[in-house]
Amino acid sequence: MVAPVKAPKLKKPRRKVRWGRLLLVMIVFSAVLSLTGLAAYGWYLERKMVEPAAAAQTPLAKEAPVYILIAGLDRDPGAAEPTRRQVMNTDVLILARVDQAERRATLLSIPRDTRVELPTGMTKINAAYATGGMDRLKKTVGDLTGLPVDRYVMLDFPAFIKAVNAIGGIEFALDKPIASPEGTVSLSPGPQTLSGEEALAVVRDRQEAQGDIARIERQQKLLEALLTTLRTTDVVDWMKGMRAMSGSLRTDMSISEMGTLATALQGEAAVFTTQTVPGTFLNLYDVSYWKVDEEKLQELVQTMKK
């Protein structure tokens, strides 16, 4: 009897790996993870920095200009001196008008020695926050300029240092030697890359005849250099910078609003203009003030609105 001949086993054809499709799946998967991570990152930042009452505010209109008060506190929680850790005076005050549609921002610097009326009497505007918190500061700035204050951002020395370090420093040309009051920073004139600590020494310096006004001019130049760097900062680096500042920054802007405004002011098409509240030096009882020129200020305000 002849044994049956077994049919040879047919090998299953190997499926071709479609590398294009696999790559597409990997890209989509990575994108989902990235977006989920950014969303969680944004939620974390919002809880750390944004005032709880901000959720009840009317959302910012995209077609209308937005006025944002930027306040830098003259406070360093890590300082050895108790007064430096607890001080509540503002060292920097800027009212920014942002036109999202036109991709334009106008920054109005308010000298810290500006003479204004507070419930305690005629004094310097840098005492407004210590007198009545952010509500008093916003009202004082609004009364002074005649402009609304839609949102605010408040930061202290550590927040500024972390922000500059997070973007890799600022390219800046110094016009004179500068040293920090604590003696930890000593800078020579000329172009250089400033670290966060060095940039802080630059914005704080007022050791010259024009005092706070000369300091504001230097602050504005440094701010322009900072904005130039931020124009090319991507969203991931922007979020990292925000996280670095989160412990020292407070605001009533949502993360979404901050992202929208930052996007509107990115790129070469964005235009930034800096101005200073006009006035003259005034000395009363050996106290130096900045006396506002009301007429020129209103002319400047009307120009900002155009």
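The values are calculated or read from the model by the stated rules, or taken from the named source; none is laboratory data. Being a predicted model, the structure only gives us computed values, none of them experimental. Here the Cβ is made from the backbone with ideal geometry for all residues, glycine too, and neighbour counts use every protein chain on show.
Taken together, 137, 95, 107 contain a single residue that is in a strand (DSSP E or B), under 19 Å from the mean Cα position of the chain (by Cα) and modelled with pLDDT of 95 or more, which is 95. For residue 252, the criteria (1) closer than 23 Å to residue 105 by Cα; (2) at pLDDT below 85; (3) acidic (Asp, Glu) hold in every case but one, which is (2). Screening residue 147 with (1) of a type in the set (A, V, I, L, M); (2) assigned to a loop (DSSP other than H, G, I, E, B); (3) modelled with pLDDT under 95 gives one miss only, at (3).
The residues of the range 137-195 that are surrounded by fewer than 16 Cβ atoms within 10 Å (Cβ to Cβ), closer than 29 Å to residue 123 by Cβ and of a type in the set (Asp, Glu), listed by number, are 143, 182. Go over the candidates 244, 262 one by one and state the one that is in a helix (DSSP H, G or I) and either modelled with pLDDT of 80 or more or under 11 Å from the mean Cα position of the chain (by Cα) (or both). Of 244, 262, the one residue that is in a helix (DSSP H, G or I) and either modelled with pLDDT of 80 or more or under 11 Å from the mean Cα position of the chain (by Cα) (or both) is 262.
Considering only residues that are touching a helix residue (DSSP H, G or I) at 6+ places or on another chain (Cβ under 9 Å) and not in a strand (DSSP E or B), look in the range 115-129 and name the one that is nearest to residue 297 (Cα to Cα).
Taking the range 115-129 as the starting set, the residues that turn out to be touching a helix residue (DSSP H, G or I) at 6+ places or on another chain (Cβ under 9 Å) are 115-120, 123, 125, 128-129.
Filter once more, keeping what is not in a strand (DSSP E or B): 119-120, 125, 128-129.
Values: 119: 23, 120: 24, 125: 16, 128: 20, 129: 22 Å.
Within the range 115-129, the match that is nearest to residue 297 (Cα to Cα) is 125.
Residues in the range 140-176 that are among the hydroxyl-bearing types (Ser, Thr, Tyr) and either more than 12 Å from the chain's Cα centre (by Cα) or more than 18 Å from residue 72 (Cα to Cα) (or both): 140, 145. In the range 165-185, the condition of being assigned to a helix (DSSP H, G or I) and not β-branched (Val, Ile, Thr) is met by at least one residue.
Restricting attention to the range 150-184, the residues that are on the phi < 0 side of the Ramachandran plot, without any contact (Cβ under 8 Å) to a residue 60 or more places away in the chain and not polar (S, T, N, Q) add up to 13. Examine the range 203-211 for a residue that is assigned to a strand (DSSP E or B), touching a helix residue (DSSP H, G or I) at 6+ places or on another chain (Cβ under 7 Å) and either buried (at least 16 other Cβ atoms within 10 Å of the Cβ) or at pLDDT below 75 (or both), and state whether such a residue exists. Within the range 203-211, none of the residues are assigned to a strand (DSSP E or B), touching a helix residue (DSSP H, G or I) at 6+ places or on another chain (Cβ under 7 Å) and either buried (at least 16 other Cβ atoms within 10 Å of the Cβ) or at pLDDT below 75 (or both).
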